[in-house]
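The values are calculated or read from the model by the stated rules, or taken from the named source; none is laboratory data. No experiment lies behind these values; they were computed from the predicted model shown. Here the Cβ positions follow ideal geometry from the backbone for every residue, glycine too, while neighbour counts run over all protein chains shown. Ligands, DNA and RNA are excluded from the accessible area calculation, which covers all protein heavy atoms including side chains. Shrake-Rupley method; radii C 1.70, N 1.55, O 1.52, S 1.80 Å.
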Amino acid sequence: SLPHSLFLVIFGASGDLTRRKLMPALVKIHNEGRFPPHFAIVGCARTAYSDETYRSYLKEELAKSPSLDEKEKASLDDFLSTVYYQSMDPADAFTYSRLNERLKALSPQYENDGNYLFYLATPPLLYELIPKYLHDAGILKKPGLKRIIVEKPFGYDLASARKLNKIYATYFKEEDIYRIDHFLGKETVQNIMVTRFGSTIYEPIWNRNYIDYVEITAVENMGIGTRGGYYDGSGALRDMVQNHLMQLLAITAMEPPAKFDKDGFRNEVIKVYQSLHPLTDEYIRENVIRGQYVAGETQAGYREEKNVNPDSRTDTYVAMCLKIDNWRWQGVPFYIRTGKQMPTKVTEIVVHFKPAPMQMFKMKEGFYRGEELILRIQPDEGILQRIAMKAPGSGFYMGTMEMDYSYDRNAQETGDAYVRLLEDSLAGDPTLFTRSDAVEESWTYFDKILDYWKKYPETPLYGYPAGTWGPKEADVLIERSHAEWTNPC
Ligand code: BG6
């Protein structure tokens, strides 16, 4: 439930994430009247704004925001009256006393004696420092709730994730640490749980007896834009697979939680990670494909992007087959892939059911492979079930029919991931945030691949022209299920 009073302190307040995602989400929450009764936002960054100049900067930016409607834009002044700015250098321990003074000065007006929620929208290098500096400046000492939201990437590998977890555990309780993965804030991702556990249609067949294989795809039709500095040291495996794709995998594969709450849900997530088929060098060699985009018809190649090493071996595409060694999923391959500069932007899960045991009817044309359920995360949010039906007309031929539920067509708002997750963190519900053990378990798994690439630098990094579906070599993976990748258009 919402606290009586709260200060949301955003580090990285003049940055891209704050401008594009956090502030528009906060405007929406404000407009719905869902802030705590006494609530203020304190932005912190190095830029020398005053409250007034920060508000005018935000006003100008928010007025252009594509995620806000006219009504929300008309309410900006009211929203901005809750926003303050403290210029400081989050990397400099001495400047935290200024923040402390500022919070104290704002206390009486907001009846807030120490309820703070910190948001780290900063470069990852600062994740290690901020909790300690907050502590050293005495900001964490006051009674009252102290929560912290940390953006991804949480760690760069297993060792760094463990180190971060240790630092955070020194200053905060685990239930007050909100490791954000915005994929879990997406309505359509949460809906997977409802489709699976809210009805009896799918759950009885959601296992190795009826499911042949599963595809999880999250591809984008953009390059890395201005993020070369970050991305070149990261790559697709760290940027997308270790976190977002693993969340999608967990939700698709998990057992029904005993209760849908922070422990019930997250206990099942970790069990999926613990059941992943171990990665040996041989397994990695045969099941993981990496790629990097080269120049396309109009797009530059990855190595020509700004702030990217011209000899970079960073992966912008990863496809892999992974297996889950448990009762439910024995023998069912999960094919996952992600890539930049693909022909389109789409995130979806395709569940392929086994064909009927006996083919009584012939297809009029083509080859019938079995039913498919497509869980479309974005865009065109919805669910599509492909099933067999009689091809109309003479004879007895089989065709395919699509039952399609589209959120958009049914005029449903799918909501914004950041709105949902910010609201949960204001209300103190960490269910949809990553727990420390899940972060470490996921890194334990992917460290094997990172180590393998280090150990065998000659591992192919296949080039694919920007604007195409990635390296042909990835087709070999899914051909083992006598199939092709489902490339949505
Ligand atoms: C981010 C990655 O976490 O997710 C980006 O760092 C990626 O590289 C983005 O573009 C994709 O998110 P969405 O919500 O646009 O699919």
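Structural remarks
- Scanning segment 177-196 for residues that are open to solvent by less than 30 Å² (accessible area, probe 1.4 Å) and more than 16 Å from the ligand (Cβ to nearest atom) returns ILE177, MET193, THR195, ARG196.
- The listed residues are VAL318, VAL350, VAL308, VAL332, and the only one of them that is under 23 Å from MET246 (Cβ atoms), among the aliphatic types (A, V, I, L, M) and part of a loop (DSSP other than H, G, I, E, B) turns out to be VAL332.
- Matching residues in segment 110-128 - criterion: being surrounded by fewer than 22 Cβ atoms within 10 Å (Cβ to Cβ), outside any loop (DSSP other than H, G, I, E, B) and touching a Ser or Thr at 6+ places or on another chain (Cβ under 8 Å): TYR110
- In a residue-by-residue description of segment 330-343, the property of being open to solvent by 10 Å² or more (accessible area, probe 1.4 Å), more than 16 Å from the ligand (Cβ to nearest atom), in contact (Cβ under 8 Å) with a residue 60 or more places away in the chain and more than 28 Å from PRO457 (Cα to Cα) applies to at least one position.
- If the condition is being at pLDDT 95 or above, more than 22 Å from the chain's Cα centre (by Cα) and of a type in the set (A, V, I, L, M), then segment 168-218 contributes ALA169, ILE205, ILE211.
- For segment 121-128, the condition holds for no residue, the condition being that it is among the β-branched types (Val, Ile, Thr), touching a strand residue (DSSP E or B) at 6+ places or on another chain (Cβ under 9 Å) and away from the ligand (no atom under 16 Å from the Cβ).
- Scanning segment 176-194 for residues that are under 18 Å from GLY155 (Cβ atoms) and in a loop (DSSP other than H, G, I, E, B) yields a total of 2.
- Condition broken by ASP136, with the remaining ones in (1) closer than 21 Å to ASP447 by Cα; (2) at pLDDT 95 or above satisfied: (1)
- Verdict on ASN221 being within 16 Å of the ligand (Cβ to nearest atom), open to solvent by 30 Å² or more (accessible area, probe 1.4 Å) and at pLDDT 95 or above: yes
- The helices (runs of 4 or more DSSP H) found entirely in segment 1-75 that carry 3 or more residues being out of contact with any Asp or Glu (no Cβ under 8 Å at 6 or more places or on another chain) are 51-63, 70-74.
- The residues in segment 377-403 that are in a strand (DSSP E or B) and surrounded by 15 or more Cβ atoms within 10 Å (Cβ to Cβ) can be counted, and the count is 11.
- Considered as a group, the residues in segment 237-246 that are within 16 Å of ARG435 (Cβ to Cβ) and open to solvent by 10 Å² or more (accessible area, probe 1.4 Å) include one that is farthest from the ligand (Cβ to nearest atom), and that residue is GLN242.
- Scanning segment 371-419 for residues being away from the ligand (no atom under 16 Å from the Cβ), modelled with pLDDT under 90 and β-branched (Val, Ile, Thr) gives a total of 1.
- Test result for TYR85, open to solvent by less than 10 Å² (accessible area, probe 1.4 Å) and closer than 15 Å to ASP136 by Cβ: no
- Test set (1) open to solvent by 30 Å² or more (accessible area, probe 1.4 Å); (2) under 18 Å from ASP239 (Cβ atoms) - PHE446 fails condition number: (1)
- Evaluation of GLY264 against (1) modelled with pLDDT of 95 or more; (2) over 24 Å from GLU479 (Cβ atoms); (3) within 13 Å of the chain's Cα centre (by Cα) (one fails), failing number: (3)
So that you can scan it fast, the table gives a plain yes or no per residue for (1) in contact (Cβ under 8 Å) with a residue 24 or more places away in the chain; (2) of a type outside the set (Phe, Trp, Tyr); (3) part of a loop (DSSP other than H, G, I, E, B); (4) farther than 28 Å from ILE374 by Cβ:
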| site | (1), (2), (3), (4) |
| --- | --- |
| TYR213 | yes, no, no, no |
| ASN221 | yes, yes, yes, no |
| SER234 | yes, yes, yes, yes |
| VAL241 | yes, yes, no, no |
| ARG266 | yes, yes, no, no |
| GLU297 | yes, yes, yes, yes |
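- The numbered conditions (1) of a type outside the set (Val, Ile, Thr); (2) within 16 Å of the ligand (Cβ to nearest atom); (3) part of a loop (DSSP other than H, G, I, E, B) are all true for ASN209 except (2).
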